[in-house]
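Okay, structure first, notes after.
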Amino acid sequence: MRQAPALSSLIPIRHPLIQAPMAGAQGSALALAVCEAGGLGSLPAAMLSPEALQAELQVLHAQARGPWNVNFFCHTPPGPDAMAETRWREALRPFYAEAGIDPDTVPAGAGRLPFSHALADMVEPFAPPVVSFHFGLPAPDLLARVKGWGSVVLSSATTVQEALWLQAHGADAVIAQGLEAGGHRGMFLTADLSTQLGSFALLPQIAQAVDVPVVAAGGIASADGVRAAMALGAAGVQVGTAYLCCPEASTSALHRQALMSEAARHTALTTLFSGRPARGIVNRLMETLGPLHPAAPAFPLATAALAPLRSHFEALGRTDCTPLWSGQNTSGCKLVPAAELTAELALGFA
Ligand SMILES: Cc1cc2nc3c(=O)[nH]c(=O)nc-3n(C[C@H](O)[C@H](O)[C@H](O)COP(=O)(O)O)c2cc1C
């Protein structure tokens, strides 16, 4: 196997360990704790309002010791599609009826916005040391701006072809996202789920194919997992799910409960919550409709119609319509400070 370039040659961190950006489940508090412990803390921007993003960037810029990462989605937003929206609401009708909600009163909307020149205007003064993207890379002029202010650029690949594409289009390192990973699949060259590989198959093949450092993601939850990834050619690891129960994460109480319960043994890829495949713990909506229902509209339009259903059931203490994002390996989910988890995982680099 060829020698992977060191991640520290790109990003001066003590441990080549990236805390995965996790939109909706954490903010600067978790990122700062991981940076403090010698890893690379990440701020997910996909679900933040511009005001909230600005505030979080100020915190990280002022307080992070060493490098930090801000993460954006870079999908192409779909146009409004009234027919698709109607079909989706029809599929959800039994849930609306049970909750006593009139679907015609539920507003449609995007929910997650892609990286843009307007967002770049906001980010530029902070010149984040690292910017990572999900769903490919932004358009060349936009990417050139990010590189121009000096950020190291990372993005996720779910196939060897995507890794080669990212390298050819300017990514400084590639995150190999195995099928075990929690949250959205970063897939962007294909929508075919049969192309998606588990970490043990994906990582060595990407490490062999590209010259940039490869970061392993998906199912890593212990020092032994880190060791295995490094043995398979990784230059570092990105860990998400294991950080979800740390006190610095903003994971809801219901989500934490699910992660720590037997229910977490059964996760699936589902399009129901956003329109793109993402891994979460199986809940009633996924069981009833099937996790990959054809009526789920294009990303990210599925979310809006579900919002009042999610709130209705959550008010009753139930997760029937809540996305419970989780990877397949929840064995690392513990109520321990992020610094402690980071130190434990970092033993795998020794
Ligand atoms: C709750 C949750 C939210 C996520 N949100 C994002 C995100 O906003 N941006 C992103 O690039 N990746 C996101 N991911 C995927 C992670 O970057 C990473 O691929 C994954 O967590 C690694 O697998 P693991 O969860 O098994 O550690 C998310 C993952 C989880 C669990």
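The values are calculated or read from the model by the stated rules, or taken from the named source; none is laboratory data. Quick caveat: nothing in here was measured; it's all calculated off a predicted structure. Virtual Cβ from ideal backbone geometry, glycine too; neighbours counted across all protein chains shown.
For the reader, a short list of remarks on this structure follows.
- The criterion of at least 3 residues that are more than 20 Å from the chain's Cα centre (by Cα), under 24 Å from Arg93 (Cα atoms) and at pLDDT 95 or above is met by the following helices (runs of 4 or more DSSP H) wholly inside the stretch 247-350: 284-289, 302-315.
- Restricting attention to the stretch 213-232 and to residues that are crowded, with 20+ Cβ neighbours inside 10 Å and away from the ligand (no atom under 14 Å from the Cβ), the residue that is nearest to the chain's Cα centre (by Cα) turns out to be Pro213.
- Residue in the stretch 6-33 that is surrounded by the fewest Cβ atoms within 10 Å (Cβ to Cβ), counting only those that are assigned to a helix (DSSP H, G or I) and within 13 Å of the ligand (Cβ to nearest atom): Leu30
- Ala302, sole failed condition from (1) small (Gly, Ala, Ser); (2) within 13 Å of the ligand (Cβ to nearest atom); (3) under 30 Å from Met83 (Cβ atoms): (2)
- Residues within the stretch 245-277 that are more than 28 Å from Asp192 (Cα to Cα), surrounded by 20 or more Cβ atoms within 10 Å (Cβ to Cβ) and in contact with a Gly (Cβ under 8 Å, 6 or more places away or on another chain), tallied: 0
- Per the listing Pro128, Pro114, Pro78, Pro103, the residue uniquely of a type outside the set (A, V, I, L, M), over 25 Å from Pro294 (Cα atoms) and surrounded by 13 or more Cβ atoms within 10 Å (Cβ to Cβ) is Pro128.
- Cross-chain or 6+ apart pairs with Cβ under 9 Å, the stretch 208-221 first and at negative phi, then more than 16 Å from the ligand (Cβ to nearest atom) and hydroxyl-bearing (Ser, Thr, Tyr): Pro213/Ser9
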